[in-house]
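Working notes for the structure below.
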């Protein structure tokens, strides 16, 4: 979901994606950089992203990933369910506060 | 290129593109990271390291990413399988040994299991077999409980009237019919059954209709005597012609109407029989006339099956039967018989009926179980042996595993590889095993004493047994592949890669192998001891004093039921046939008898001394009775101890001959000859007691009739005559110079003097003798085979272990030799190793064998389970074969050239 969210903002290649996610999470998420690739392949297979070879700003041959319409839809669904879950948690926390 | 290959190459082309894209992408990623780190001030080398560390296991990542596109796991297993095939092709000796080992191990299991399944486990092809029960009589006689006895029509009706737990009850009695056609008469197996039998079983017809209660009436039903034929008979005899329905045929002298065909695959409720004709119970008196059992309340001849009512358990039905038994007895038996102790103590038993029933079951259930255990042990030995072999192989391949590990293969991946290899071997073995089992089962069936049963038992591998074989193979693969797999996947990569020559895990493996080998030796020893005891049992049984000879003697059953001669005329016919046979070439003696030794069947009677005042009591005064002709003892080689033989004249009536033990029991302390013997008959049907006296004219040697295991029964021999019970179906006993001559004489005499009687198959006495110890022979031959197999496997195991020991110690042996050790010392060094392993195995195996021997006590005859000679011999055999197996590696060790051994280091 994080990958899709990052890609919604702008298409990126693998390395850039890692950098972006790490920055966004304030380096809280220290995952092995390699673990991004199996996830990207899964998204590719599910046709939520598409990839194209291009040349990056640093003049490097890179494979840029772009979110597809299906990916967008999926992301929205995921976010809304995520938000609902958050809402739910917030509600529970509120009531517990009210009780105490 | 066909569209098919194009499609496939298309898919793979796309894949390959995907994979190369991925690899490139990852490479770029690492480079970008490295460059950035270098911009931040790291050296190139340092930056590369950091980038790699941050990225994680690149191979694993790549693999995982690829897996996304694959049918998960399947492709990696496919790749492993391909690799395994290549690996195994590289070492064909190893592959062949393992596959063959497994084929024998699994094949033995499949073979025995197929038999077990056919005889003990297969359900009848009927709906809801679980609800079918069998109701039998368990008779508690002073000689022990005789269980699973049949009932009769009166008891059946009585249960039917009173039972509230059974929804249908039917009787079934196997019966042979003679089908008379224009081409001649032939005997077919069949059964007389209650009219509702097929309804209760829940069967539907293949053509026409099945029997109905209306058919089972005195005088026949709407179609006259209705007969149902088997599907097989319909196919083979009538070529599945539907017009056969309604056809009249002559079956055992009476016309019956074929009304229908039983469903395909239904072979009756007796597992080992295959009936071709089913007729109603009421047909029995029509065929047998005065000898009919149907209206005799005292006989026991019908096996009873029933369906449990819905919701009723077998226990509830059994409880109800206990209350019904006394009612049924009082309803059916005459008052004078009702209160005999033996009847009061007996009762109805309810047993599961869904798997049918067979006389062979009680006989073979335990031997088959024992065999199943033995083959299980053999399979275990196979697995242990293969585990050892695979371990040795794994240690030679550790370099390969280390490299794969260094290249990033996960541990589970390496383990998977090895397991796939084992699985491949096991499956190849399994396929061979099925062929092996299929071939051997035909041979095994010859051991079943019942020839008809052997013919009708289907031992073709069916889906169920194939499943078991497959399961066996997978289990084996896990058993022998797991240890090497685990070891291989836990190799410490670095040291292995650093050292190029010697094996690191050898130490670890050697420990594992050293556990496996004594285990194998122990199991083998137990098998050898068990086999030796079972074999000793057979030879002891063969060596027992029989009281008769078995060579060149032919037993020919007469079937004179349909001859016009009855009574005295029939007696004279027998005498004429005997006389004629004696004139024919080669025959040196011939006679006739009701029962022949070791046939498994015989009659008993109650006898007392006529001068004794004590009343005749059942069981204590019960003796074997055999009605025989003159010359019977001479033909069988039973010696006459005193007095004279029968004369085959009508004056024989009123005389009898005793065997030694009968004479000693009936007339203790006095000469039996010339004394009077009284036979007491109690008619169970009417309760009347009759007596008959005869004079003892001779004493003969004891002869075993029932079984070789039991002492010869006290026997009373009566002259055969008009009072003989089964006069029309006695046995001719013919002794000739050769069996062929005996057979020719029997056929010639029969054709000349009784041309109308159906031809029967005579069997040689030697065969009957072998049949009587069929179980023991089966056990002895198979356990011997399994023990030999285990010995061979252990030999291979020891050879393999010692060979790898010598290879690993080449340097050490070289040094020792260089320091002056003699060849003898080196030889002793190797042999000491073997001796230590054998000792450990023998001690463990000895304990195991004692336990095993005690648990097979019931199968043994004249062999004590602690017999030291057998144990000693088994240990000797094992040790000998162990040392022989170790001889080759030891000789190689001795021939090591110290110079070369040291130089190679």
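Observations
- Evaluation of residue B:260 against (1) closer than 23 Å to residue B:295 by Cβ; (2) within 38 Å of the chain's Cα centre (by Cα) (one fails), failing number: (1)
- Counting only residues that are more than 38 Å from the chain's Cα centre (by Cα) and crowded, with 22+ Cβ neighbours inside 10 Å, the range B:827-847 holds 1 of them.
Yes/no per residue for (1) closer than 17 Å to residue B:418 by Cβ; (2) surrounded by fewer than 18 Cβ atoms within 10 Å (Cβ to Cβ):
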residue: B:51; (1), (2): no, no
residue: B:62; (1), (2): no, no
residue: B:66; (1), (2): no, no
residue: B:91; (1), (2): yes, yes
residue: B:100; (1), (2): no, yes
residue: B:112; (1), (2): no, no
residue: B:118; (1), (2): no, no
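- On the stretch given as the range B:78-89, residues that are surrounded by fewer than 18 Cβ atoms within 10 Å (Cβ to Cβ) and touching a helix residue (DSSP H, G or I) at 6+ places or on another chain (Cβ under 6 Å) total 1.
- With respect to being away from every other protein chain (no Cβ under 14 Å) and in contact (Cβ under 8 Å) with a residue 40 or more places away in the chain, residue B:125 fits the description.
- Flag set for residue A:84, criterion: away from chain B (no Cβ under 14 Å), more than 22 Å from residue B:24 (Cα to Cα) and either touching a strand residue (DSSP E or B) at 6+ places or on another chain (Cβ under 7 Å) or modelled with pLDDT of 75 or more (or both).
- Restricted to the range B:236-344, the set of strands (runs of 3 or more DSSP E) holding at least 1 residues that are without any contact (Cβ under 8 Å) to a residue 40 or more places away in the chain comprises B:248-251, B:254-261.
- For the residues B:157, B:149, the requirement of being under 29 Å from residue B:284 (Cα atoms) and free of Cβ contacts under 8 Å to residues at least 24 places away in the same chain singles out B:157.
- Annotation: residue B:320 fulfils all but one of (1) surrounded by fewer than 21 Cβ atoms within 10 Å (Cβ to Cβ); (2) at pLDDT below 90; the unmet one is (2).
- When residues in the range B:120-144 are screened for being in contact with a strand residue (DSSP E or B) (Cβ under 6 Å, 6 or more places away or on another chain) and surrounded by fewer than 18 Cβ atoms within 10 Å (Cβ to Cβ), 1 of them pass.
- Failed criterion for residue B:247 (all others in (1) in contact with a strand residue (DSSP E or B) (Cβ under 6 Å, 6 or more places away or on another chain); (2) at pLDDT 90 or above; (3) surrounded by fewer than 24 Cβ atoms within 10 Å (Cβ to Cβ); (4) within 19 Å of residue B:124 (Cα to Cα) hold): (4)
- Residue count for the range B:277-301 satisfying the condition of being surrounded by fewer than 24 Cβ atoms within 10 Å (Cβ to Cβ), closer than 20 Å to residue B:359 by Cα and touching a strand residue (DSSP E or B) at 6+ places or on another chain (Cβ under 8 Å): 2.
- Among the residues examined, residue B:824 does not qualify as touching a residue at least 24 places away in the same chain (Cβ under 8 Å) and assigned to a helix (DSSP H, G or I).
- Residues that are more than 7 Å from chain B (Cβ to nearest Cβ) and under 14 Å from the mean Cα position of the chain (by Cα), drawn from the range A:32-49: A:36, A:39, A:40, A:43, A:44, A:48, A:49
- Hits in the range B:356-371 (condition: within 16 Å of the chain's Cα centre (by Cα) and in a loop (DSSP other than H, G, I, E, B)): B:358, B:359
- Taking the criterion of being under 60 Å from the mean Cα position of the chain (by Cα) and at the interface with chain A (Cβ under 8 Å from one of its Cβ atoms), the residues of the range B:19-59 that qualify are B:22, B:56, B:57, B:58.
- The lone exception for residue B:615 - which of (1) at pLDDT 85 or above; (2) over 22 Å from residue B:727 (Cβ atoms) it fails: (1)
- Scanning the range B:207-235 for residues being part of a helix (DSSP H, G or I) and within 11 Å of residue B:280 (Cα to Cα) gives a total of 3.
- Residue selected from the range B:763-795 under the condition surrounded by fewer than 18 Cβ atoms within 10 Å (Cβ to Cβ) and within 20 Å of residue B:845 (Cα to Cα), by the criterion modelled with the highest pLDDT: B:788
- Candidate set: the range A:50-70, residues that are under 14 Å from residue A:10 (Cβ atoms) and either in contact with a helix residue (DSSP H, G or I) (Cβ under 9 Å, 6 or more places away or on another chain) or part of a loop (DSSP other than H, G, I, E, B) (or both); chosen: the one nearest to the other protein chains (Cβ to nearest Cβ): A:62
- Any hit, the range B:701-712, residues being closer than 30 Å to residue B:178 by Cα, touching a helix residue (DSSP H, G or I) at 6+ places or on another chain (Cβ under 7 Å), surrounded by fewer than 20 Cβ atoms within 10 Å (Cβ to Cβ) and at pLDDT below 85: no
The values are calculated or read from the model by the stated rules, or taken from the named source; none is laboratory data. Just so it is clear, the model here is predicted, and its values are computed rather than measured. Cβ: placed from backbone, ideal geometry, glycine included. Neighbour counts: every protein chain shown.
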